[in-house]
1. Pairs only if they're at least six apart or on different chains, beta carbon under 6 angstrom, first in segment 221-233 and in contact (Cβ under 8 Å) with a residue 40 or more places away in the chain, second in a loop (DSSP other than H, G, I, E, B); list them, first residue then second.
2. Looking at residue 76, is it at pLDDT 90 or above and surrounded by 14 or more Cβ atoms within 10 Å (Cβ to Cβ)?
3. Scanning segment 21-61 for residues that are among the basic types (Lys, Arg) and in a helix (DSSP H, G or I), which turns out surrounded by the most Cβ atoms within 10 Å (Cβ to Cβ)?
4. Enumerate the helices (runs of 4 or more DSSP H) found wholly within segment 62-133, keeping only those where 2 or more residues are farther than 30 Å from residue 194 by Cβ, out of contact with any Lys or Arg (no Cβ under 8 Å at 6 or more places or on another chain) and without any contact (Cβ under 8 Å) to a residue 12 or more places away in the chain.
5. Consider residue 45 carefully, then state whether it is touching a residue at least 40 places away in the same chain (Cβ under 8 Å) and more than 16 Å from the chain's Cα centre (by Cα).
6. Would it be correct to say that residue 125 is within 27 Å of residue 13 (Cβ to Cβ) and within 19 Å of the chain's Cα centre (by Cα)?
Amino acid sequence: MLMARPVFGANILFIPANMNSHVLYFSRLAADLAQLGHVTRVLAPNNARVPRFIAEEGENGGNLKYTTYPVDGEESFANSRNTSANVMRLALSQSAWEKFTLSMSVFGDFLSHCESDCVNLLDNDHLMQQVRDDGYQFAVMDRTTHCYYAIPYSLGVPYATLSISGIAWSYRVPRLPSFAPVLSLGYTDRMSFVERLTTFVGATVVPLLLRNVSTTYVERLAPGRPPLNAHQLHQKACFVALSYARFRLSYGRRVRLSVRLSVAR
């Protein structure tokens, strides 16, 4: 006698940051889950590059929907020429102070642009009403401004987020900055004393300087729920963490994506 257990697909929302690579990661994962029977939707800024397989298969192919929302600018800040020039300058710099100040400047500008993009999404009443009506059961978020995290929080659904080593503290993961180099500084695990000191200061001070205690977006979207700030929203996202280091891309006709899920509670 054969007994079959019923299996149901989930309705999942994906909200990547305005970076071409992240939009690609999220879209590939959403497409693969859609092929497994889940219903997925990617919300992406309209100035981000549409992944090739999305353009070829259509933005509403089967269980996958790819939806864009208007934002400012013709190209994303993260993929602009100016940002690329600053990243190259950061990689070639031999000055610890320049690396620190430039990292702060680039990251701060990136978060500011991400927040502006998110505000444009929240101001899109028609699209936000669709999000509320679609009945999502889970959301996959990018680790940027807390503005985006207010969306699944207001829907009352659990959400995952990309885990990034430089801000492991927000996932309650112990990390020694002096032994684990910050990605933006370009150091290896064989650091000199000065490089270890720079990494320690950067990984310790920068998150504190950029920490946001505002509850504006939660109060706007979820007036009846506890007003959580950015740090609290990020900790709440630790239900499941997607390992950023496990995204592997092989450039060819098909993009291969490997994701490791790790329970953080």
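1. Partner pairs satisfying both residue conditions: 229/213; 229/215; 230/212.
2. So residue 76 passes the test.
3. Looking at residues that are among the basic types (Lys, Arg) and in a helix (DSSP H, G or I), I get 28.
4. Numbers: elements: 81-92, 96-122, 125-133.
In segment 62-133, 125-133 are the helices (runs of 4 or more DSSP H) which contain 2 or more residues that are farther than 30 Å from residue 194 by Cβ, out of contact with any Lys or Arg (no Cβ under 8 Å at 6 or more places or on another chain) and without any contact (Cβ under 8 Å) to a residue 12 or more places away in the chain.
5. Working: touching a residue at least 40 places away in the same chain (Cβ under 8 Å): yes; more than 16 Å from the chain's Cα centre (by Cα): no.
Taking the combined requirement at face value, the residue does not satisfy it.
6. Against the criterion (within 27 Å of residue 13 (Cβ to Cβ) and within 19 Å of the chain's Cα centre (by Cα)), residue 125 does not qualify.
Matching residues to (1) crowded, with 16+ Cβ neighbours inside 10 Å; (2) closer than 21 Å to residue 47 by Cα; (3) not acidic (Asp, Glu):
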position: 88; (1), (2), (3): no, no, yes
position: 92; (1), (2), (3): no, no, yes
position: 103; (1), (2), (3): yes, no, yes
position: 115; (1), (2), (3): yes, yes, no
position: 126; (1), (2), (3): no, yes, yes
position: 129; (1), (2), (3): no, no, yes
position: 135; (1), (2), (3): no, no, yes
position: 153; (1), (2), (3): yes, no, yes
position: 158; (1), (2), (3): no, no, yes
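The values are calculated or read from the model by the stated rules, or taken from the named source; none is laboratory data. What you are looking at is a predicted structure, and each value in this text was computed from that prediction instead of being measured. Reconstructed Cβ throughout: ideal geometry from the backbone, glycine too, with neighbour counts over all protein chains shown.
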